[in-house]
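Reviewing the structure listed below.
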Amino acid sequence: MSSQASYDVVIAGAGPAGAWALKHLPEGMSILLVDAADPLRSFRDNKLCGGMLTAQAQALLPELPLEIRAEPFKTKMEYHDVDTGVYTRFPVDYANCRRNLLDEWLLRQALEAKGGDVEYSPDTRVSGLQADEEGVLVRLDEKREVKARRFFDCTGWRQFARRALGASLTPYFHALQAECSLAQPCPHYIAVFSSKWSPFFGWYIPKNESTGEIGAAFESERRDAPDMLLEPLVRHLRRRDLKLQPGRIRGCRLTRLRKASHIWLGRGAVMACGEAAGLVSPSSGDGISYALASGKAAAQTACLPVETAVAAYRRTLKPQISELGRNIVKAWLLSDRRARRIASALLPFVHRERFERLSL
Ligand SMILES: Cc1cc2nc3c(=O)[nH]c(=O)nc-3n(C[C@H](O)[C@H](O)[C@H](O)COP(=O)(O)OP(=O)(O)OC[C@H]3O[C@@H](n4cnc5c(N)ncnc54)[C@H](O)[C@@H]3O)c2cc1C
């Protein structure tokens, strides 16, 4: 790469948003895709994620290869409300996957689709950004610069472009997750709500017969020891007869969308996609479907004039933005124990004969 190479599009971040933006860019564009790490190489590391794909995410993807599927692929959900003592189980339309392998698969597909149009540069961090009517000047690893007509920020919770351009950041949770070993299999996705313990919820997600993931999200300023923070969840799950042993606990930010204005889709030649745009469901933490949908939508605006691109991008994402608006209300209801009591009473009517009440 020369010090002032020039591209039609530079994409920062090769997660689901970046890969899907790349895959859907029009043919013949010159593209540079950079990632601070390398999703192709880090496939052995477990990315901090539950790996649950919503129906929307599944609809945006080709059929998942067997090696990417986690077991059981389709789970039921157990809803445990510790505050109100309501414990239930019902079917959900999530698909269970191995997140690190999913990212690798998405990126390989996108690189193959674009062939010679794309230059992929792993282990390369975007470190500066200047944008004007002419386009964008992108600084890489603090030492070289490239020019681009368009810049797609797909850097996830790091929200690189917002920081560089002085836009306000989306608030976030402090999320923790740990792989755990199981003495006996538990095939259900368990969501545990307890107002005293987490403003979000805690989860257990099976990955095969002998391992699963547990995790939870907390206020961003909580910095208690991770094992202390997860201890009430572990205790609760063990009481449910889940004989689990947590491994290393890891933490990262989880975008916490509290109002629609926290979504930032970009400005001029700069588009933000996926979590960098704030597109994560505040009620469930699902972000993969929004990353895929927004990456694709941003790519479809690449040939439009700069002045109209962000508005066109917003129009394409209207269904997702409306859904997130509804999820902001849902998240507020779920965080309120009285509202949850009412919602719990309605669950049998929503899920009808597929609904099971549990006694713990
Ligand atoms: C604990 C936890 C559990 C979750 N569980 C689920 C779940 O079950 N289902 C679901 O749908 N979602 C889940 N999410 C949310 C989901 O993981 C994210 O919303 C999703 O990964 C967003 O995709 P993305 O492509 O926008 O960003 P990311 O997947 O975060 O990818 C960003 C990429 O950008 C790169 N990068 C960062 N900074 C730079 C830089 N300066 N220069 C170059 N590259 C850079 C990173 O290396 C990374 O590869 C969870 C999140 C957390 C934290």
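The values are calculated or read from the model by the stated rules, or taken from the named source; none is laboratory data. Here the structure is a predicted model, which means the values were calculated and not measured. No Cβ is skipped: glycine too gets one built from the backbone with ideal geometry, and neighbour counts run over all protein chains shown.
Is it the case that some residue within the range 241-256 is hydrophobic (A, V, I, L, M, F, W, C), farther than 23 Å from GLY202 by Cβ and either assigned to a loop (DSSP other than H, G, I, E, B) or more than 20 Å from the chain's Cα centre (by Cα) (or both)? No, the range 241-256 has no match at all. Of the strands (runs of 3 or more DSSP E) lying entirely inside the range 88-197, none contains at least 3 residues that are among the β-branched types (Val, Ile, Thr) and outside the structural domain of LEU347 (by TED's automatic domain parsing). Residue-level analysis places PRO91 among those that are surrounded by fewer than 16 Cβ atoms within 10 Å (Cβ to Cβ), touching a strand residue (DSSP E or B) at 6+ places or on another chain (Cβ under 8 Å) and within 30 Å of GLU356 (Cβ to Cβ).
Take the conditions (1) over 27 Å from GLU27 (Cβ atoms); (2) in contact with a Phe, Trp or Tyr (Cβ under 9 Å, 6 or more places away or on another chain); (3) within 14 Å of the ligand (Cβ to nearest atom); GLU104 misses just one of them, which is (1). Scanning the range 14-57 for residues that are surrounded by fewer than 17 Cβ atoms within 10 Å (Cβ to Cβ) and within 13 Å of the ligand (Cβ to nearest atom) returns ALA37, ASP38, LEU40, ARG41, SER42, ASP45, ALA55. Considering every residue within the range 220-240, establish whether at least one is surrounded by fewer than 16 Cβ atoms within 10 Å (Cβ to Cβ), part of a strand (DSSP E or B) and either in contact with a strand residue (DSSP E or B) (Cβ under 9 Å, 6 or more places away or on another chain) or not assigned by TED's automatic domain parsing to the domain that holds GLU133 (or both). No. When PRO282 is tested against (1) under 19 Å from MET52 (Cβ atoms); (2) surrounded by 24 or more Cβ atoms within 10 Å (Cβ to Cβ); (3) within 11 Å of the ligand (Cβ to nearest atom), just one condition goes unmet, and that condition is (3).
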